[in-house]
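Everything below concerns the one structure shown next.
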Amino acid sequence: MKWTTNNYQLKHSNTALKTIVSLFAVFTLMSCVTTEEFTAANDVNSMDNNLTTLLIDASAKNDTGEKKQIAFLAALAHESGDAMASSGSSKVALAYYRIAAVAYWRDDISSNDNKLLDVIDSTKVLCDALKVEGKAPDRDCFVVQITLLLEVIEDKFGAIANIDQSDFTDGNIADVRNLIDELGYQANSNNAKSQGFFVTFVETIKTNAAFLKNHPTMKTYIVETLLKTTKQYKRSMSEIAAYYRKTNNDEEMTSLNATHPIFVQYGNRPEETQDKRIEKMIEEWLTAE
Amino acid sequence: MDILLVSAGIKAMLRAAQTGIDLSVERKIDNAIFLPTIRLPQSTPLQQVSDFLNEAENIPLRSQAPFTMGWYQPSLSWTYTDADNSQACIAKMLELQSADSLIDSPTEQKNMLIGGRMIEQWRNDNQPPTAWSRMALTLVDIGVEFIAAYPSVMGVDSKGEKLVVAFADELGSLIPNDIEDMGKRHDFENRVLSLFVRSSLSVLAENTKVIIDDEQVAAIVSGVIKPIVVQMENSDIGEVIQYRELITSLIGPSSEAIMRLVANKAEDYIGDNFIDDKALSAVTKAFLNAATETVQSKNIAAVFSKQGLSALLVAGLDVAIKQPEVFFDESNNIDNTAAMQALLSNVASSLSAGVNDTLDKKLSTALAINVINAVGQNASILFKLDASKPWDKLAAGLIQDFSAELSTSLVDGSRIDLFNSEQKQRLTNLILTQISQSPSMLSIHDQTALKVLRGTIAIIQRDNNFMLSNEDWLAFTELLSNAAINDFERLFNKTMSLAGEQEALLTAMLVPLVQRIEQFNSDSAALAWQADTVIHLFTSTVEGLKGNISGLLDKPNIINELLDDLLLKTANDPDQWGSDAIKEYLTLSVKTAITKGVIS
């Protein structure tokens, strides 16, 4: 029996285990082991606190001062994560990578996107290795995995919002369509385009449905994110579809329906409000086998 | 011990070193973190119309003008039709929304304000074990902290390391076999434990000669920590909140003082480090019960103030460490938990009754502490001297009498009132400490200590012109308390008639002396009585009163006559009378005057 994260469900209902746990505290001190990881863990706590403050400040003030500090924090965490990974402290490295990933996502500096990709790659290597032993930290591995998708989804919806939508024309509706395809495109065969990022996000969630079922705080976060993104996706899709109907563009309408199954799925639902329909869809995604 | 247990223990030992740090680190990196929510563009006014018509209460509006024109049922969307209709729809929506705007803010706005969520590290089926690992990790954490701050305390094979090991060995007595039984005390127990571990290590850090051994740690865990955490088990949530607050302010500041008492026990009683956990437990329980009790519509913690109650707890535990049989004696079937609680309640009652507002909380509490110390340390002897006067009743009576006497004396502008708070505390403590050196005086002679206090104060109060400093008067108080040990009966109980009034001998002698000297100092430039000379006069007089006083009884004014004579002599021949000469003269002549009734 190892004292590892995958064995945490141990029930300590006998004196033998009580003794063991007491002993581990005892011998930890007696061995006078290195405190490098201990110091790094304190550093992780401190960085997390700083990042939280910066994120909240940045959100409230909406200026660039905090963004620069977030970018600096991202670089620092990235570097520390690499150092801990090199010294074999995978879990601490992953905590640093998680901070770096969230910070790179929220620094809004596009030239840092490739660094986020580096972090995701490094995280994947460590998480895959730890998963074999059943030791991969649930939250940190999952969060890093979704940060890039969240950033891209934000970017694409932001780009759609920048197009003048007060009076659609063939020209600007095509621009919206291209962007919405980058989010929701999905075809069974003869794919003309890559699968959309929003679809990838939904697929990622479906793949992790069992994990999320047992992780209440992460699940709540994901449900909220899906609600917001699906609603935003539906808004844009409705406007494009309305324009095609108005202009009697059956060809594009058919193409739209064929390549955006999530929107079709939404349209076929019986619920009376969009939120109810979306909630039901999310419920189904999160119960996917 | 089961062989499997031994082998499991050995395996744990072999890997515990790294595992301990691993788990400690994991706990830190497992803290819940803030994850920001995705930022999406705010909806356009036209999209807001669509969202508006998707609210359940607005469904009927979809088929009504002006909304019906742009409504598309399959996708539950309202989309742009033409400029006029769009404007009409936006206007209507705003009109309808404004009626509801004061009711609640839209969910979207609320979410924007929050901006993120706290996310835990582990999924439910992958959670670390809580109580055991957390408490063990707490010990590891504190140990590692001290390694960094005090390497000499926490090095390999050090006292600090052994101390943490001793606490680790006691975890078994704090955590029930079935962890579910821990209930509400889950985190609380961890906090209280860590408080005492830190305090113990701090005591070691400040004095490396100190020893706190395994038995003493065991006594603290079962005698103090366990009663504190068990007390919370049956409380409802409101009481739990109050209790946690009380413990934070009561035990927080006390824990270091308590561990210092434990350490001192080893230093003071070489060869006898035994600390009775049952006596500690009796005191702790009594305090916890009393602290939550209410007397005369005031909570006891409020009567003494939390700091005061904390100091009282330390005083009680001091007695429990030095004289455990006062609180718990199995062979004599004594468990004085209730008596201690009653003592606190009684004292709190009399204090909250507000005999006099001149007695502040700090002084009241200090008085109670001094009495508990004086009476508690002698409780066994007192019980043997007079079994009808239990120590708790005796202590309550003393506190009450002293409080009343001080209250009366501390009127505005009185000489005693000009003592600072610490000096007032020392005044009472000097008397109690000296008198308790002869325990029989606390018990057999009723109000012995009170009469000494009353007599001392009566003399000090006459010093209207600051003849002596506060510190000089405290030295004088010590002189009188010492004299009372052997000559209480004569000095404080025997009376003599002076100016038609019966007074205790001591006050009958010294009060007029104080007045006389003050008069000298104001009338005569020839002989100004300095503090040193005055103290010498008092000392000579008190010493004289301890001996043959037949001369004084024949001539009650003899000392005053002596002073008049001295004044005359110094006026006639000032060169001869330096302070040393005066003191030399007083030493001989005061004794002769008291013994023979003549001036030499």
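Rounded to the nearest 20, the Cβ-based charge dipole of region A:163-289 about its Cα centre (Lys and Arg +1, Asp and Glu -1) stands at 440 debye. Taking the protein heavy atoms of region A:153-289 in the context of the full set of protein chains, the accessible area attributed to carbon and sulfur is 47 percent at 1.4 Å. Each part gets one Cα centre, and for region A:152-179 versus region A:52-101 those centres are 32 Å apart. Ligands, DNA and RNA are left out, and with a 1.4 angstrom probe the accessible area of region A:163-289 is 46 Å² per residue. Could you tell me how far the Cα centroid of region A:194-247 sits from the Cα centroid of region B:539-569, in Å? Taking the Cα centre of region A:194-247 as reference, the centre of region B:539-569 is 105 Å away. Checking an interface number: how much accessible area is buried between A and B, summed over both chains, with a 1.4 Å probe, in Å² rounded to 100? Roughly 8100 Å² of accessible surface disappears when A and B pair. Model label sites at B:Thr292 and A:Asp57, defined 7 Å from Cα along the beta-carbon direction, differ in position by 4.4 nm. Computed over region A:86-125, the alpha-carbon pair-distance distribution with 5 angstrom bins reads 6, 26, 33, 19, 11, 5, 1, each value a whole percent. Under 5 Å from the amide H of B:Lys298 lies no amide H of any residue 5 or more positions distant or on a separate chain, with H modelled from the backbone and absent for Pro and chain starts.
Heavy-atom accessible area, probed at 1.4 angstrom with all protein chains present, ranks B:His536, A:His78 as B:His536, A:His78, highest first. Placing +1 on the Cβ of every Lys and Arg and -1 on the Cβ of every Asp and Glu, with nothing else charged, gives region B:495-596 a dipole about its Cα centre of roughly 320 debye. For region B:87-98, putting each phi into the Karplus relation 6.51 cos²θ - 1.76 cosθ + 1.60 with θ = phi - 60° gives couplings of 4, 4, 5, 4, 4, 5, 4, 4, 4, 5, 5, 4 Hz, in residue order, rounded to whole numbers and with x for Gly and Pro. Cα centroid separation, region B:400-437 to region B:38-95: 82 Å. The mean number of Cβ atoms from other chains found within 10 Å of a Cβ in peptide A:217-230 is 4, as a whole number.
Other residues with beta-carbon under 13 Å from the beta-carbon of B:Gly143 carry, at +1 per Lys or Arg and -1 per Asp or Glu, a net charge of 0.
Solvent-accessible surface of region B:495-596, taken per residue with a 1.4 Å probe and all protein chains present: 47 Å².
Amide H contacts of B:Tyr72 (H built 1.01 Å from N, in plane; Pro and chain starts excluded): B:Ser77, B:Trp78, B:Thr79 sit under 5 Å, all sequence-distant by 5 or more or on other chains. Pull out the extension gain between B:Thr433 and B:Ala404, defined as 0.36 nm times the separation in residues minus the alpha carbon to alpha carbon distance; nm, one decimal. Net length gain for the segment: 8.5 nm. Each of the peptides B:460-469, A:103-112 was scored by the mean count of other Cβ atoms within 10 Å over its residues; in descending order, highest first, they stand as A:103-112, B:460-469.
Computing FRET efficiency as 1/(1 + (r/R0)^6) for A:Lys193 and B:Asn85, where r is the C-beta to C-beta distance and R0 is 35 Å, gives about 0.50.
Only the Cβ atoms of Lys and Arg (+1) and of Asp and Glu (-1) were treated as charged; on that basis the dipole of region A:193-258 about its Cα centre amounts to roughly 300 debye. Structural descriptor for region A:163-289: relative contact order 33 percent, calculated from alpha carbon pairs under 8 angstrom and at least 6 residues apart.
For region A:90-127, a drop of 30 Å² or more in accessible area on going from the chain alone to the assembled protein chains (1.4 Å probe) is found at A:Lys91, A:Arg106.
For region A:164-207, the set of trypsin sites (Lys or Arg not before Pro) satisfying both a DSSP loop assignment and a count of at most 15 other C-beta atoms within 10 Å is given as A:Lys193. Comparing the full protein assembly with the isolated chain, the residues of region B:26-45 losing at least 30 square angstrom of accessible surface (1.4 Å probe) are B:Glu26, B:Lys28, B:Ile29, B:Ile33, B:Phe34, B:Leu35, B:Pro36, B:Thr37, B:Ile38, B:Arg39, B:Leu40, B:Pro41. Computed over protein heavy atoms with a 1.4 Å probe, the carbon and sulfur contribution to the accessible area of region B:495-596 reaches 49%. In sequence order, region B:416-425 has phi-based couplings of 5, 5, 7, 6, 6, 4, 5, 5, 5, 4 Hz under the Karplus curve 6.51 cos²θ - 1.76 cosθ + 1.60, θ = phi - 60°, and Gly or Pro positions carry x.
The values are calculated or read from the model by the stated rules, or taken from the named source; none is laboratory data. All values derive from a computational prediction rather than experimental measurement. A quick note on method: Cβ atoms are made from the backbone with ideal geometry, for glycine too, and the neighbour counts reach across all protein chains shown. In case anyone asks, the SASA skips ligands and DNA or RNA and just uses the protein heavy atoms, side chains included. Shrake-Rupley method; radii C 1.70, N 1.55, O 1.52, S 1.80 Å.
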